[in-house]
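Q: The structure is given below, and queries will be raised subsequently.
The values are calculated or read from the model by the stated rules, or taken from the named source; none is laboratory data. From a predicted model like this one, the values you see are computed outputs, not experimental measurements. Here the Cβ positions follow ideal geometry from the backbone for every residue, glycine too, while neighbour counts run over all protein chains shown.
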Amino acid sequence: MKRMARVTAVAALALALPLSMASGCSKKTTGGTGATGADGVKQGTGVTDKKISVGVETDMTGVYAPLGKSLTQAQQMYFEQVNAQGGICGRTVELVVRDHGYDVQKAVAAYSELKSSVIGLAQFVGSPMVTALDDRITADKMFVIPNAWATTLLGNQYIQVTGTTYDVDMINALDFLAKEKGIEKGDKVGHVYFEGDYGESALAGSKYAAGELGLTIVEQKIKATDNDMTAQVSALQRAGVTAILMSAGPKQSASLAGVARSKGLMAPIVASNSGFSPQLLKTPAAPALLKGFYLATAGAPISSDLAPVKKLADDYAKKYPGQPLDSAVVNGHTSAVIFADALKKACEAKDLTRDGVIRAHRSTTAYDGGYGTPMDFSKVDEPGTRRTYILRTDAEALGGMVVEREATASKEAEAYRVPAGK
């Protein structure tokens, strides 16, 4: 009885003490405990009194390696600038980078490594990788900004698809082709696309728009390992297509354009946002890519006259001299800014836990930042916007692309019901 009384007294004393004293440790936390920092800010996984750890899952060695490098360097530069100005919430931001090489198994392994040490992921390349981890992201309450735009990524409050989705881009691309490139009702339009979430999402958009515009889509499904588009071009040429949509990687776009032009198929080509890299304009494919090749994307190009983009281009050129200035630089930077803004709002609310960060982020109903595409982050089942830029290749422009048509949402895109979830 005496022993029980002592235990009860100790327990009562512990309840009366502040959490840090009762546990026998300081107010600092290594993350995940929900302890309170010295400044009164509640801290979660990846957050201490001095540091906020933010994860990155990118592709440095796979099909999107050139874009992954630009994405990551842009984010590293941005957070270095943030830290030079005092960090966020008085804390230094540290990027923890992992390369998955566009391999789902490697991405899953990297996530398992990162999940207990970062507050969220400011970059995650590849819709197949993010989709494979959807349930774990939800269970971990991990705020993720994917550098992927498949509709399968919608419907999860922890995953923020910035800009448009692939289907919306393809709807707006067909609107562009119909209004400005002479595509008419009854025409056939080819669509070459990766198997999986990316390509299927883009195809859903092209098929919807084709139905609205009276067009026929000629499908050509390919694998990520398919680099020679000769067979696909031959099939499209036999079908008599008057335009081609391309939802694959830069290598596939280069092959498609090169083979098509060499065979005399001069139909305009519009690629999804990850279907081009400026490095291609220094290869034998350049002449073909400079003939009627376009890109559909929600993001302004690095060649844009928008003040924040011009500053970004200048800063990046100084930080990484000789490195390609492509649109992935803009995408990486803006994703980092969006993630940082969520951290700042969470700090103001004194809650740097994962719950606090996602709550802060989802409270944003109108975001622009001067980057050209206003977005609403409060709608979990919707992409941030339905406006798509159409860019055109230009050998003299920064990043190899210029604006052909400003960000526009066609009536078909506005009326389209975006499917959400797996």
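Q: Looking at 190, 182, 101 in this structure, which one is in the same structural domain as residue 232 (by TED's automatic domain parsing) and surrounded by fewer than 24 Cβ atoms within 10 Å (Cβ to Cβ)?
A: Of the residues listed, the single one that is in the same structural domain as residue 232 (by TED's automatic domain parsing) and surrounded by fewer than 24 Cβ atoms within 10 Å (Cβ to Cβ) is 182.
Q: Residue 322: in a loop (DSSP other than H, G, I, E, B) and without any contact (Cβ under 8 Å) to a residue 12 or more places away in the chain, yes or no?
A: Against the criterion (in a loop (DSSP other than H, G, I, E, B) and without any contact (Cβ under 8 Å) to a residue 12 or more places away in the chain), residue 322 qualifies.
Q: Which residue pairs have Cβ atoms closer than 8 Å, lie 6 or more positions apart in sequence or on different chains, and pair a first residue in segment 235-253 that is closer than 8 Å to residue 190 by Cβ with a second residue that is assigned to a loop (DSSP other than H, G, I, E, B) and basic (Lys, Arg)?
A: Once the first residue is closer than 8 Å to residue 190 by Cβ and sits in segment 235-253, its partners that are assigned to a loop (DSSP other than H, G, I, E, B) and basic (Lys, Arg) give 243/181.
Q: If you take the residues of segment 193-240 that are hydroxyl-bearing (Ser, Thr, Tyr) and crowded, with 21+ Cβ neighbours inside 10 Å, which of them is farthest from residue 257 (Cα to Cα)? Give the steps one after another, and end with the answer.
A: Going through segment 193-240, the residues hydroxyl-bearing (Ser, Thr, Tyr) turn out to be 193, 198, 201, 206, 208, 216, 225, 230, 234.
Keeping just the survivors that are crowded, with 21+ Cβ neighbours inside 10 Å gives 193, 198, 201, 206, 208.
Numbers: 193: 14, 198: 20, 201: 22, 206: 19, 208: 25 Å.
My answer is 208.
Q: Scan segment 39-89 for residues that are in a loop (DSSP other than H, G, I, E, B), of a type in the set (Asp, Glu) and touching a Leu at 6+ places or on another chain (Cβ under 9 Å) and jot them down.
A: First, pick out the residues of segment 39-89 that are in a loop (DSSP other than H, G, I, E, B): 39-41, 44-46, 48-50, 59-64, 85-87, 89.
Cutting the leftovers down to of a type in the set (Asp, Glu) gives us 39, 49, 59.
The one that is in a loop (DSSP other than H, G, I, E, B), of a type in the set (Asp, Glu) and touching a Leu at 6+ places or on another chain (Cβ under 9 Å): 59.
Q: Where the second residue is modelled with pLDDT under 95 and among the basic types (Lys, Arg) and the first is over 12 Å from residue 111 (Cβ atoms) and lies in segment 129-148, which pairs have Cβ atoms under 8 Å and are six or more apart or on separate chains?
A: 131/422
Q: Can you spot a residue in segment 263-274 that is assigned to a helix (DSSP H, G or I), more than 20 Å from residue 166 (Cβ to Cβ) and touching a helix residue (DSSP H, G or I) at 6+ places or on another chain (Cβ under 7 Å)?
A: no
Q: Kindly provide the set of residues from segment 368-420 that are among the charged types (D, E, K, R), touching a helix residue (DSSP H, G or I) at 6+ places or on another chain (Cβ under 6 Å) and assigned to a loop (DSSP other than H, G, I, E, B), ordered by number.
A: Within segment 368-420, just 386 meets the criteria.
Q: Quick check on residue 377: is it surrounded by 24 or more Cβ atoms within 10 Å (Cβ to Cβ), among the hydrophobic types (A, V, I, L, M, F, W, C) and outside the structural domain of residue 118 (by TED's automatic domain parsing)?
A: no
Q: In addition: Keeping to segment 409-422, report how many residues are on the phi < 0 side of the Ramachandran plot, out of contact with any Pro (no Cβ under 7 Å at 6 or more places or on another chain) and modelled with pLDDT under 95. Explain how you work it out, then say what you get.
A: Start the filter on segment 409-422 by keeping residues that are on the phi < 0 side of the Ramachandran plot, which leaves 409-420, 422.
Checking which are out of contact with any Pro (no Cβ under 7 Å at 6 or more places or on another chain) leaves us with 409-417, 419-420, 422.
Of the ones still in play, those that are also modelled with pLDDT under 95 are 417, 419-420, 422.
Total satisfying the criteria: 4.
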